[in-house]
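Values quoted throughout were computed directly from the atomic coordinates according to the rules given, and no laboratory measurement underlies them. Worth saying up front: this structure is predicted, and the values here are computed from it rather than measured. All Cβ positions, glycine included, derive from the backbone under ideal geometry; neighbour counts span all protein chains shown.
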Amino acid sequence: MINIQGFYIKKFLLLSLIFLFSCSEKNTNTTEITINESAENVITKITRLSNDQILVCAHRAYHKFAPENSLASIQQAIDEGIDIVEVDVNTTKDGILVLMHDNLIDRTTNAKGYLSDYTYLDLKKLYLKIGDSVTSHQIPTLNEVLTLSRDKIILNLDIKRVDVNKLYQQLLVKKMQNDVFSFIWDKRKIDKILQIDSTYAVLPIVSSSVDMMNYAQNIKSKLQHFDENSFNQENLEWAKNNGILVFMNILWKPDENFIQNDTQQVDDIIALKPAIIQTDHPKKVLAYLKSKNLHN
């Protein structure tokens, strides 16, 4: 005697397996199309842009006419055609990622104390300063910064007191994990974020050929932050031959001399043609590079 109920159950299960297999094939094809059609990542973009020019990174955004690390300072950098903004990511008492360079808020706001003692709602009551002058600008969240900068300017996220897993998840939600890079002083945090995503564009600082070789061999990101110890012609030639994109500061003394029309230190740096230079005077440096045919 034929078990009708069993027959139909087996038939249902067979059809279900065929349907799932078909869907799996379709999903695989869709993924491949998405990958093939995706926009270039930040390393590819910097490589392309720096092929025939030196890119300018605005330190703490364009903070001469707006508070450092403010939305207004980022917008000014965008308006002036600056290539990259460096901003500092920190964490509030309740775990919100915001922009703040110092752990203390004394220097940059109209209040005092540690950022980690303030909730985000507490911070919304405060105002940012330029020097000693209080402005109407407020501390932005990382989410606001990502929204503002998307497809307009490259972000260099300087990681301060931050859970890099939370940072990465926020980038993932915005689908911007391949659009930014991060200067990370703490080597442990470099390791941690690369465990999350081995392709994430980290910017490690290198002071010796040992550092240079180590990062070149062990991470996929081709960005390296040279300093006064590693920045020389021999190392720049090595970097070029190994596809390394060199990031170099002209902050502090070179910057100070530059705005006083003493350009010698800046000239010595740009003569070796790093991919990116970081400055507190991005508009003036950009104009200077253009006058030297070192920026489009």
³J(HN,Hα) computed for each position of region 231-246 - Karplus, 6.51 cos²θ - 1.76 cosθ + 1.60, integer Hz, glycine/proline x: 7, 8, 4, 4, 6, 5, 5, 4, 4, 4, 5, 10, x, 8, 8, 8
Pairwise centroid distance, computed over Cα atoms, of region 271-293 with region 36-79, Å: 13 Å
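Provide the FRET efficiency to the nearest 0.05 for the Thr147-Lys253 pair, computing r from the beta carbons and using R0 = 51 Å. Please list the in-between numbers first.
On the way: r = 36 Å, r/R0 = 0.70.
The pair Thr147/Lys253 has a calculated efficiency of 0.90.
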Residues Leu104, Leu128 arranged by fewest to most Cβ contacts within 10 Å: Leu104, Leu128
Amide H within-cut-off set for Asn110, under 5 Å, with H built and near neighbours excluded: Tyr127
Efficiency of FRET from Cβ geometry, Asn261 and Glu228, R₀ 30 Å, rounded to 0.05: 0.85
Anchor Lys93: lysines whose Cα lies under 25 Å away (excluding residues fewer than 8 positions away in-chain): Lys112, Lys124, Lys125, Lys129, Lys160, Lys166, Lys174, Lys187, Lys189, Lys192
Helix-only CD estimate at 222 nm, as mean residue ellipticity for the chain, using -39500 (n - 2.57) per DSSP H run (n ≥ 4): -13000 deg cm²/dmol
Sorted by Cβ neighbour density within 10 Å, fewest at the top, the residues Met248, Met176, Met212, Met100: Met176, Met212, Met248, Met100
Cα centroid of region 181-219 to Cα centroid of region 128-157, whole Å: 26 Å
GNM top mover of Ser136, Ser207, Ser116 - the chain, alpha-carbon springs below 10 Å: Ser136
Taking Tyr200, Tyr120, Tyr215 and counting other C-beta atoms within 10 Å, the order from fewest to most: Tyr120, Tyr215, Tyr200
